[in-house]
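The values are calculated or read from the model by the stated rules, or taken from the named source; none is laboratory data. Since we're looking at a predicted model, the values are computed, not measured. Cβ: placed from backbone, ideal geometry, glycine included. Neighbour counts: every protein chain shown. These accessible areas exclude ligands, DNA and RNA; they are computed on the full protein's heavy atoms, side chains included. Shrake-Rupley method; radii C 1.70, N 1.55, O 1.52, S 1.80 Å.
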Amino acid sequence: MSVEPAFWAGQSVFVTGHTGFKGGWLAALLHRLGARTTGYALAPATEPSLFQAAAIGELTHSIIADIRDGERLTAAMQAAQPKIVLHLAAQALVGRARVDPVETFESNVMGTVRLLEAVRATPSVEAVVVVTSDKVYDNAEWLWAYRESDPLGGKEPYGASKAACEVVVQSYRHAYFNGERQVGVTTARAGNVIGGGDWSDDRLTPDLVRAFAAGEQLMLRNPAAVRPWQHVLEPLAGYLLLAQKLTQNALPRDLDSFNFGPAAEDARPVAWVADRMAALWGDGAAWGHTPGVRPYEAKLLEVDSARARAVLGWEPKWRLDEGLKRTVDWYRAVGAGQDARQVTLGQIEDHLNG
């Protein structure tokens, strides 16, 4: 099953985190589908950013504010009167979470509390998708992919904050949205997305692009680590399918979380991805390895998306090789002077029609 443009055309949607990489692609996708979108987020955390390069603020009613400002968030949501809320705003960097765990827990946990309080105060809302992470699981480094029913945990602040966010959502679902007022509320778990327009620090693909563009060799800290890589449009399509089903009351009430990950064959080591990126980039692009003692970082992580496939009819459209090609194509095109918004919308069109 694919995203249905007819459902989204004219739909009132409230998106948090639209100034970020993933949220910017989501805002552009919703614009293409004809939704009426309000975006609420802090100013972009990087310079450059997808938000600025593709002028995402022109595609949505953009509000620059802090998710932790409950009064302003509630006022913005009530003014928008959305039917659907998609919550992506977060402190999303593992390395930054280690440096500033307080900000991470405040943004990811209390930010979600403020979001759900705003939903309580906005009667128009019928569906809420809270995006967490594949790092919510208590990772035992085993060979099997994690299912939604597996235990949550957190061996570093980012993963722990997202696992705590899951508990917050569960409590609000049962305490406030499962009685007299019925609101469909679920969490969506994905991670390690790739795509053009990500300029974050300490992420593999933007770090590789920066190094390759400068003619430098990127030194990787953990090239053997395995992650479930996928193009950013894959989980975004899943979030929209999930929100659509929630709005249509087409989901069993006990299915309160969904994994969105690639095919098992696309869970690849960092070194494999770096090799493919270097080959696609050309110009002698290369990487190296810096051995040494590092902070905790999972060596193996995969998620099982059987629930999303069976219940939502969701399937990734682009395999990892295609996703990497699209990523390099985006940076190459924009670096050569092509319009970032048109490149972004062009890839969205290809994905919708693929």
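List of remarks:
- Scanning segment 17-37 for residues that are closer than 14 Å to GLN342 by Cα and out of contact with any helix residue (DSSP H, G or I) (no Cβ under 7 Å at 6 or more places or on another chain) yields one hit, HIS31.
- Condition met for LEU86 (in a helix (DSSP H, G or I), crowded, with 16+ Cβ neighbours inside 10 Å and in contact with a helix residue (DSSP H, G or I) (Cβ under 7 Å, 6 or more places away or on another chain)): no
- Of residues in segment 217-234 being touching a helix residue (DSSP H, G or I) at 6+ places or on another chain (Cβ under 8 Å) and in a loop (DSSP other than H, G, I, E, B), the one nearest to ALA285 (Cα to Cα): GLN217
- Taking the conditions (1) open to solvent by less than 20 Å² (accessible area, probe 1.4 Å); (2) touching a Leu at 6+ places or on another chain (Cβ under 9 Å); (3) among the acidic types (Asp, Glu) in turn, GLU302 satisfies each one other than (1).
- The set of residues from segment 320-335 being in contact with a strand residue (DSSP E or B) (Cβ under 8 Å, 6 or more places away or on another chain) and open to solvent by less than 40 Å² (accessible area, probe 1.4 Å) comprises LEU320, GLY323, LEU324, THR327.
- Residue in segment 14-22 that is under 14 Å from the mean Cα position of the chain (by Cα) and assigned to a helix (DSSP H, G or I) present: yes
- Residues in segment 191-239 that are in contact with a strand residue (DSSP E or B) (Cβ under 6 Å, 6 or more places away or on another chain) and on the phi > 0 side of the Ramachandran plot were compared, and the one that is least open to solvent (accessible area, probe 1.4 Å) is GLY195.
- On inspection, ARG120 qualifies as touching a Phe, Trp or Tyr at 6+ places or on another chain (Cβ under 9 Å), at pLDDT 95 or above and more than 20 Å from PRO44 (Cα to Cα).
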